[in-house]
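Written below as structure tokens is the structure these notes are about.
The values are calculated or read from the model by the stated rules, or taken from the named source; none is laboratory data. This structure is a prediction, so every number in the text was calculated from the model and none was measured. Neighbour counts run over all protein chains shown; Cβ positions are idealised from the backbone, glycine included. The accessibility values were calculated without ligands, DNA or RNA, using every heavy atom of the protein model including side chains. Shrake-Rupley method; radii C 1.70, N 1.55, O 1.52, S 1.80 Å.
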Amino acid sequence: TVNGLKVEANGTRRDEHPRAFREIKLHFILDSPDATQEEFEKLGTLAAIKYCSVAGTLNSDIHHEFTINR
């Protein structure tokens, strides 16, 4: 059961031009009474890393965090 999903993003950019992102932090917050941390991290990692064409084109470190609110 999914009652809501929120993604918070923060990033650090280079000082010089082009001011590309050096690091990006994504925090996925799931509102679900019955999802497990393991399945949420597996699905989130697949969506954010394997299947995300934007992440695949960025030349930066991307860190993910997954939180479930019950």
Name every residue in the stretch 45-60 that is free of Cβ contacts under 8 Å to residues at least 40 places away in the same chain, assigned to a loop (DSSP other than H, G, I, E, B) and surrounded by 12 or more Cβ atoms within 10 Å (Cβ to Cβ), in order of residue number. CYS52, LEU58
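If you check LYS42 against the conditions, is it open to solvent by 50 Å² or more (accessible area, probe 1.4 Å), without any contact (Cβ under 8 Å) to a residue 60 or more places away in the chain and in a strand (DSSP E or B)?
Numbers: open to solvent by 50 Å² or more (accessible area, probe 1.4 Å): yes; without any contact (Cβ under 8 Å) to a residue 60 or more places away in the chain: yes; in a strand (DSSP E or B): no.
It is false that LYS42 is open to solvent by 50 Å² or more (accessible area, probe 1.4 Å), without any contact (Cβ under 8 Å) to a residue 60 or more places away in the chain and in a strand (DSSP E or B).
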So, in the stretch 1-28, of the ones that are β-branched (Val, Ile, Thr) and open to solvent by 70 Å² or more (accessible area, probe 1.4 Å), which residue ends up farthest from ALA55 (Cα to Cα)? THR1
When the stretch 14-70 is checked residue by residue, the ones that are charged (D, E, K, R), closer than 16 Å to ASN3 by Cα and in contact with a Gly (Cβ under 7 Å, 6 or more places away or on another chain) are ASP31
